[in-house]
Amino acid sequence: MPIRVVVADACSALNLLATDRASDFLHALDWTLILHPEVKQEAQYLRGPPDEEGQPTRLVCDWSALEQAGRVLPPEPADLGASFEDAFVGAAVWLTDVDAKAVALAGALALPLLSDDGKVREVFQRLYPALELQATLELIRRASERLGLSPDRVREVLRTLRSKARFAPPRNDPSRDWYEEHLSND
């Protein structure tokens, strides 16, 4: 199976990292994520465990293992040329600059976009209806199946995702029922 290259926005990149299984999941699907430098810069922290006083803490995102494995890459300088700039201007009408850069990068490179943000997904589909849109839960679901994770392991991953990324599946996420079934006892 050839390596699949997918552009990720900050929200989905954080969600994936929050699972503590990002490397396993990307390897199982044979995916490589392209992260615009500003997207990566925005995806700096996950939610940590509460401190002694019960206040939330922050965990610094560590991309190094994914980068060393070649599963997270920056765009090539040539990828950020005129077609990217034009795509960015078009997407920035509706989105923040960081989100517009993820959409523009996927559009300019004609690659799928991994996003869980409703507005980002809507704009991407409007601008690039022929391009594929991916979501974190579907990625986790397919990778978990390929890895043969037990229901208990899947539940652990989803709990970690919910805790570290404060994740709640979008209402229209096709894998929402799957997510809720795994966490029905929580």
Average accessible area per residue (Å²) across the range 1-159 - probe 1.4 Å, nucleic acids and ligands excluded: 49
For the chain, built as a Gaussian network whose Cα springs stay under 10 Å, the top-fluctuating residue of R47, R121, R153: R153
Rounded FRET efficiency, nearest 0.05, which uses the C-beta distance separating V5 from D152 and R0 of 22 Å: 0.10
Zone of R166's modelled label, taken as backbone nitrogen in the range 1-28 under 14 Å from a point 7 Å along Cα→Cβ: 11, 15
Placed amide H near T32: partners under 5 Å, 5+ positions off or other chain: R4, V5, V6
Stokes-Einstein translational diffusion, the range 126-186 - Kirkwood Rh over all Cα pairs, 0.890 mPa s, 25 °C, in µm²/s: 195
The chain: antiparallel DSSP beta bridges as a percent of all, rounded to 5: 30
Signed unit charges on C-beta, dipole axis of the range 4-134, positive-most listed residue A65, L35, V120: V120
Residue of L35, L14, L147 that the Gaussian network model of the chain assigns the largest fluctuation, springs spanning Cα pairs under 10 Å: L147
Portion, in percent, of the accessible area of the range 4-134 that falls on carbon or sulfur, probe 1.4 Å: 52
Top positive-direction residue, dipole computed over the chain with Cβ charges, set V98, G48, L16: L16
Per-bin percent of Cα-Cα distances, the chain [10 Å]: 9, 37, 36, 15, 3, 0
Cα gyration tensor, the range 50-103 - rounded (a/c under 1.5), prolate or oblate: oblate
Solvent-accessible surface ranking, highest first, for K40, K119 at 1.4 angstrom: K119, K40
Segment Q44-E122, extension gain: residue separation times 0.36 nm, minus the distance between their alpha carbons: 25.6 nm
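Counting only helical runs of four or more DSSP H residues, what would the 222 nm mean residue ellipticity of the chain come to if each run contributes -39,500 (n - 2.57) and the total is spread over all its residues? Could you put the intermediate results ahead of the total?
On the way: 10 runs with 96 residues, N = 186.
So the calculated ellipticity at 222 nm is -15000 deg cm²/dmol.
The values are calculated or read from the model by the stated rules, or taken from the named source; none is laboratory data. Nothing here was measured: the structure is a model prediction, and the numbers come from that model. Backbone-built Cβ (ideal geometry, glycine too); neighbour counts: all protein chains shown. Ligands, DNA and RNA are stripped out before the accessible areas are found, and what is left, the full protein with its side chains, is counted by its heavy atoms. Shrake-Rupley method; radii C 1.70, N 1.55, O 1.52, S 1.80 Å.
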